[in-house]
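The values are calculated or read from the model by the stated rules, or taken from the named source; none is laboratory data. Not measured: the values here are computed from a predicted model. Positions of Cβ are generated from backbone atoms using ideal geometry, with glycine treated the same way; all protein chains shown enter the neighbour counts.
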Amino acid sequence: MEEVVVHIYDVTNSCSEKTNNTILQINRIFKDGIGLGGIFHSAIQVYGDEEWSFGFCEYGSGVFSCPPRRNPMYTYRESIVLGKTNCSVFMVNQILRELSRAWPGSSYDLLSRNCNHFCDAFCELLGVPKLPGWVNRFANAGDAAMEAAENTATKVENSYFSC
C-alpha cells in the first residue's frame, strides 16, 4: 500500500502582485480564520517524486506533473495525507494515462472542471477519500450560482416568449 498525499497551494499566479496579495488575504480569512475555504490549487502525489494535477492548455492533455510542493505557478500552503492506495505502480501509471486522455487542457473550466475536480477523480480511482471540502468550496459555490443564474434566465426567457 502506498500513501496518497494532496499538496495544496494558494493561487498566486496573477501578473498583479495586488491580486496575489488579495487572494492570500482571502485564503487567510476564509480558510485559516473561519475554515470555510478559499482559492486553491491542488496536486496528488503517489509513488515517487512527482505530483500530478490539471490545468488549461490549448492543445493536448491538461494533466501535468512537477516536483512535490514546488509548482512554480503557485504558493505552497500545506500537504494532507488522504490515505493509502492498493494500486500498484503499474496501475497508477495506467490510471494517469487514462486521465491524460480524459482531461484535455481545453476542457478546463475554473468553476466546474479545475485541478481540484481532477484530483478528486484521481483519488476516486486510487480508492482513497476525496479532497477536504474546503479546497474546492469556492469553485463549487460559484458553479452552483452560475447554474442557478442560467436556469433563472432560461425560465424568464421562456415565460417572455410564451406570451
For this session: Any residue in region 40-54 that's surrounded by 22 or more Cβ atoms within 10 Å (Cβ to Cβ): show its pairings with residues that are at pLDDT below 95 and assigned to a strand (DSSP E or B) at Cβ separation under 9 Å, as long as the two are six or more apart or on different chains.
Result: 40/10; 41/10
Seminar exercise, completed: Scanning region 102-118 residue by residue, the ones that are touching a helix residue (DSSP H, G or I) at 6+ places or on another chain (Cβ under 9 Å) and either surrounded by fewer than 17 Cβ atoms within 10 Å (Cβ to Cβ) or among the hydroxyl-bearing types (Ser, Thr, Tyr) (or both) total 5
Problem set entry | Residue check, residue 99 crowded, with 16+ Cβ neighbours inside 10 Å, at pLDDT 95 or above and either of a type outside the set (Val, Ile, Thr) or under 11 Å from the mean Cα position of the chain (by Cα) (or both) | yes
Exercise. Picking from 59, 9, 47, which residue would you name as being modelled with pLDDT of 95 or more, at positive phi and not basic (Lys, Arg)?
Worked result: 47
Exercise. When residues of region 90-120 are filtered for being touching a strand residue (DSSP E or B) at 6+ places or on another chain (Cβ under 8 Å) and of a type in the set (A, V, I, L, M, F, W, C), how many remain?
Worked result: 7
For this session: With the condition kept exactly as written, say whether any residue in region 14-23 is within 26 Å of residue 141 (Cβ to Cβ), of a type in the set (Gly, Ala, Ser) and part of a helix (DSSP H, G or I).
Result: no
Exercise. Does region 23-70 hold any residues that are over 19 Å from residue 131 (Cβ atoms) and of a type in the set (A, V, I, L, M), and which are they?
Worked result: 24, 29
For this session: Could you list, in sequence order, all residues of region 65-90 that are loosely packed, with under 14 Cβ neighbours inside 10 Å and without any contact (Cβ under 8 Å) to a residue 24 or more places away in the chain?
Result: 67, 70, 72, 88, 90
Exercise. Which residues, taken from region 6-22, are among the small types (Gly, Ala, Ser) and either in contact with a Lys or Arg (Cβ under 7 Å, 6 or more places away or on another chain) or farther than 13 Å from residue 75 by Cα (or both)?
Worked result: 16
